[in-house]
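Student: Can you keep this structure in mind? I'll have questions shortly.
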Amino acid sequence: MLEAVGAIDWFPIQLSFQVSVLATAVALIFGVILGWVLARLQFWGKESLDAAITLPLVLPPTVLGYYLLVLLGQRSFLGRVHEWFWGSPLTFTPAAAVVAATIHALPLMVKSVRAAFEALDPRIEDAARTLGASELRVFLTVTLPLSRRSIQAATALAFARALGDFGVTLMIAGNIPGKTQTAAVAIYDAVQAGRERDAVALVLIVSALALIFLYTTNKLSPPRT
């Protein structure tokens, strides 16, 4: 078993880690913003927006991947804009893998952040406002600090989810060894090719990383009262 780990191609693991870091960072930024909007603002279509954000959790990966191919492919408006600006298509690149991982990490982040914000006692924020604090200062000095543990736990969980993305990544980033082949895709490729030793080694590494981040999530989650 140790020989299998020693002989493994580490590129898929490295790429998966890099993709997951970038995807989690994007999901964290937009997750906090969207979570606050859904928790604090009242507007028409609020729950429809929440449902649309959550949709990637329940859609089959191939369906979601097809939507993204249509939305970001070379024949789409966004795809042509990206190619004009960057000089290359978005699909079947490492950037596409980041998009795929972000799509799957974002719903978890938004759901967790919204729940954390809604659990806060609004009187605490109101007290800060009566002392002259602006909405931005209330958010930065009261809302975020009090929700810190929940947001940290959600970030760890989102990272683990991004790390294991397979279906959407395969659809829009492809399976190009040394370029877009993430760990989950490399496992599938190794199984299909009968390379059991490579598959086992990758499975063990991904499982260990997932356990670490799930343990981190449990440690960071607010204690139950």
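The values are calculated or read from the model by the stated rules, or taken from the named source; none is laboratory data. Note that the structure is a prediction, hence the values are computed from the model and not measured. Cβ coordinates were reconstructed from backbone atoms using ideal geometry, including for glycine residues, and neighbour counts include every protein chain displayed.
Student: Filter the stretch 82-105 for residues that are modelled with pLDDT under 90 and outside any loop (DSSP other than H, G, I, E, B); which is surrounded by the most Cβ atoms within 10 Å (Cβ to Cβ)?
Tutor: The residue in question is His104.
Student: Specify the residue that is surrounded by the fewest Cβ atoms within 10 Å (Cβ to Cβ); the eligible residues are those in the stretch 120-130 that are free of Cβ contacts under 8 Å to residues at least 12 places away in the same chain and not basic (Lys, Arg). Outline the logic, then answer.
Tutor: First, the residues of the stretch 120-130 that are free of Cβ contacts under 8 Å to residues at least 12 places away in the same chain: 121-123, 126-127, 129-130.
Right, trim to not basic (Lys, Arg) and you get 121-122, 126-127, 130.
On the way: Asp121: 9, Pro122: 10, Asp126: 12, Ala127: 13, Thr130: 7.
So, considering only residues that are free of Cβ contacts under 8 Å to residues at least 12 places away in the same chain and not basic (Lys, Arg), the one surrounded by the fewest Cβ atoms within 10 Å (Cβ to Cβ) is Thr130.
Student: Among the residues that make up the stretch 138-157, is at least one of them modelled with pLDDT of 90 or more and within 25 Å of Ile8 (Cα to Cα)?
Tutor: No, there is no match, as no residue in the stretch 138-157 is modelled with pLDDT of 90 or more and within 25 Å of Ile8 (Cα to Cα).
Here is a yes/no grid of residues against (1) assigned to a helix (DSSP H, G or I); (2) crowded, with 21+ Cβ neighbours inside 10 Å; (3) small (Gly, Ala, Ser); (4) within 22 Å of the chain's Cα centre (by Cα):
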position	(1), (2), (3), (4)
Leu170	yes, yes, no, yes
Asn175	no, no, no, yes
Arg197	yes, no, no, no
Val203	yes, no, no, yes
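Student: Report whether or not Leu59 is surrounded by 14 or more Cβ atoms within 10 Å (Cβ to Cβ), under 18 Å from the mean Cα position of the chain (by Cα) and assigned to a helix (DSSP H, G or I). Outline the logic, then answer.
Tutor: Working: surrounded by 14 or more Cβ atoms within 10 Å (Cβ to Cβ): yes; under 18 Å from the mean Cα position of the chain (by Cα): yes; assigned to a helix (DSSP H, G or I): no.
Answer is no for this residue.
Student: From the residues in the stretch 31-45 that are surrounded by fewer than 16 Cβ atoms within 10 Å (Cβ to Cβ) and modelled with pLDDT of 90 or more, which one is nearest to the chain's Cα centre (by Cα)? Outline the logic, then answer.
Tutor: Just the residues of the stretch 31-45 that are surrounded by fewer than 16 Cβ atoms within 10 Å (Cβ to Cβ), to begin with: 33, 41-45.
Those still in the list that are modelled with pLDDT of 90 or more too: 33, 44.
On the way: Ile33: 15, Trp44: 27 Å.
Applying the filter and picking the extreme gives Ile33.
Student: Scan the stretch 20-53 for residues that are under 12 Å from Pro107 (Cβ atoms) and among the aromatic types (Phe, Trp, Tyr) and report the count.
Tutor: 1
Student: For Ala133, are the conditions met, namely being surrounded by fewer than 17 Cβ atoms within 10 Å (Cβ to Cβ) and either in contact with a Cys (Cβ under 8 Å, 6 or more places away or on another chain) or hydrophobic (A, V, I, L, M, F, W, C) (or both)? Write out each step before concluding.
Tutor: Numbers: surrounded by fewer than 17 Cβ atoms within 10 Å (Cβ to Cβ): yes; either in contact with a Cys (Cβ under 8 Å, 6 or more places away or on another chain) or hydrophobic (A, V, I, L, M, F, W, C) (or both): yes.
Against the criterion (surrounded by fewer than 17 Cβ atoms within 10 Å (Cβ to Cβ) and either in contact with a Cys (Cβ under 8 Å, 6 or more places away or on another chain) or hydrophobic (A, V, I, L, M, F, W, C) (or both)), Ala133 qualifies.
Student: Within the bounds of the stretch 13-29, is there any residue that is farther than 30 Å from Pro177 by Cα, among the hydrophobic types (A, V, I, L, M, F, W, C), surrounded by fewer than 16 Cβ atoms within 10 Å (Cβ to Cβ) and modelled with pLDDT of 90 or more? Give the steps one after another, and end with the answer.
Tutor: In the first step, residues of the stretch 13-29 are kept if they are farther than 30 Å from Pro177 by Cα; the result is 29.
If we keep only those that are among the hydrophobic types (A, V, I, L, M, F, W, C) as well, we get 29.
Right, trim to surrounded by fewer than 16 Cβ atoms within 10 Å (Cβ to Cβ) and you get 29.
Subsequent filtering for residues that are modelled with pLDDT of 90 or more retains 29.
Scanning the stretch 13-29, I find at least one residue that is farther than 30 Å from Pro177 by Cα, among the hydrophobic types (A, V, I, L, M, F, W, C), surrounded by fewer than 16 Cβ atoms within 10 Å (Cβ to Cβ) and modelled with pLDDT of 90 or more, so the answer is yes.
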